[in-house]
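Here's the structure we're looking at; comments come further down.
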Amino acid sequence: MGFSVGFVIGLVGVLILSHAAYSTSQYRGLLKITEDEFSGPPFSVVVELIVGLVLCMWAALTVPGNFLSIHPHSDENRMVSLPDNLDFMIFNHRGKVFVPEINMKLKH
Amino acid sequence: MVTKSEETELNRLESQVDNGGGGAWEYLCLVRKLKVRRSDKVLKHGLSILNDSKKRSSLGSEEWTLYEEVAIAAMDCQSLEVAKDCVNVLRKKFPESKRVGRLEALLLEAKGSWGEAEKAYSSLLEDNPFDQVVHKRRVALAKAQGNLSGAIEWLNKYLETFMADHDAWRELAEIYVSLQMYKQAAFCYEELILSQPTVPLFHLAYADVLYTLGGIENLLTAKKYYSSTIDLTGGKNTRALFGICLCTSAIAQFSKGRNKEDKDCPDLQSLATAALEKEYKQRASGKLTVLTSAFKSLKVSS
């Protein structure tokens, strides 16, 4: 299958996050029964949230693709020549004198 | 705009196609995308695709784009028979098309029948007075007949309507430079830098024009624009590095008696010479002595 490592890790991260949400709601249900005040999520949920966040972030940064350079002088961005101004191209140049060697014809 | 990585890709594909390694269609697409003028190669490889009916039908609707590309390339190579055949195929497929009409007029231009081409363009403009390509072709038509002042007139009229067309500004600048009308060319390059401030080549061309104009003010400005070219290219533009050296030397001659040194960046020139020496050592070590003697005659040193 075409699932990359990054994609699987992202999936695991989402699962951990949803498990954290589920255990929080469970915990609040338990608090209602014991009639305690809600002071904060249990320690295990906090750990789950942090782990899930890290995994999802890592997957989101690696799976969609590589970063592109924003430096103007990097090879992807550095301009070495302008396009030939084809809208203004004229035909009286030395091509008239030098007939191309290839003598091809459009066959149909 | 052709970036460094695109240029490398183009050269790689070109040598691959030339040595019969396949990838002709990818090459033709890249040539069209980068708008480079490789007419002989486009003609050769494009025709070999068009003559192969299996390859041609696999292109789908892209086939017609290829016909157009090959037709223009054939005109550029003066293979007028091929060009005519291609245009006829397109005319059969698209009997009403304006784009094919432009191509037919272009064929007249390639034949050298200026009057007929002019007439064809005029009738195309009557149908659609805002056809930018046709307006530009009229400029080219004047240029092809050697009527540069006419071309300038047409271009100025065109730019009054389509001010954002930077290709036209560039063309105007190049015509002015060829006529040695540097003040006007400088204005065009200013316009280009305003519209595309991140293109180092416009900064470079503007600096060249200012350096050619001469005078202490222009030289100081030219030096600044050479510096901005170096800034935008990361010091990989040899011409800008040489420009810095030439400007420094010329400015030094101006300010000789007055003892008014250029205080903004005293080590700019020594950095430029050092960068040049490093590059020559790496890529053409045999020419290093020529470089040092050139520095000596300019009275600059690292």
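The values are calculated or read from the model by the stated rules, or taken from the named source; none is laboratory data. Note that the structure is a prediction, hence the values are computed from the model and not measured. Here the Cβ positions follow ideal geometry from the backbone for every residue, glycine too, while neighbour counts run over all protein chains shown.
Tallying residues that are at positive phi and buried (at least 17 other Cβ atoms within 10 Å of the Cβ) within region B:55-102 yields 1.
If you go through region B:33-54 and keep only what is of a type in the set (D, E, K, R), within 10 Å of chain A (Cβ to nearest Cβ) and at negative phi, you end up with B:Lys33, B:Arg37, B:Arg38, B:Asp40, B:Lys44, B:Asp52. Note on region A:53-70: residues that are assigned to a loop (DSSP other than H, G, I, E, B) and either facing chain B (nearest Cβ under 9 Å) or touching a residue at least 24 places away in the same chain (Cβ under 8 Å) (or both) amount to 1.
Considered as a group, the residues in region B:202-220 that are of a type outside the set (Gly, Ala, Ser) and over 24 Å from B:Gly234 (Cβ atoms) include one that is surrounded by the most Cβ atoms within 10 Å (Cβ to Cβ), and that residue is B:Leu219.
Within region B:171-190, count every residue that is without any contact (Cβ under 8 Å) to a residue 24 or more places away in the chain and either part of a helix (DSSP H, G or I) or crowded, with 18+ Cβ neighbours inside 10 Å (or both). Even if it seems obvious, please write down each step before you answer.
From region B:171-190, those without any contact (Cβ under 8 Å) to a residue 24 or more places away in the chain are B:172, B:174, B:180-181, B:184, B:187-190; that's our starting set.
When the remaining residues are screened for being either part of a helix (DSSP H, G or I) or crowded, with 18+ Cβ neighbours inside 10 Å (or both), the result is B:172, B:174, B:184, B:187-190.
Number of matching residues: 7.
Out of the residues in region A:71-92 that are polar (S, T, N, Q), part of a loop (DSSP other than H, G, I, E, B) and within 7 Å of chain B (Cβ to nearest Cβ), state the one that is farthest from B:Val70 (Cα to Cα). Looking at the filtered set, the residue picked out is A:Asn77. For B:Val199, the conditions (1) exposed (fewer than 15 other Cβ atoms within 10 Å of the Cβ); (2) in contact (Cβ under 8 Å) with a residue 60 or more places away in the chain are fulfilled apart from (1).
When B:Trp25 is tested against (1) surrounded by 14 or more Cβ atoms within 10 Å (Cβ to Cβ); (2) within 13 Å of chain A (Cβ to nearest Cβ), only condition (2) is not met. One residue stands out in region B:203-213 among those that are in contact (Cβ under 8 Å) with a residue 24 or more places away in the chain and of a type outside the set (A, V, I, L, M): the one that is nearest to B:Glu160 (Cα to Cα), namely B:His203. In the set (1) at pLDDT below 90; (2) assigned to a helix (DSSP H, G or I), B:Cys86 fails one condition alone, (1).
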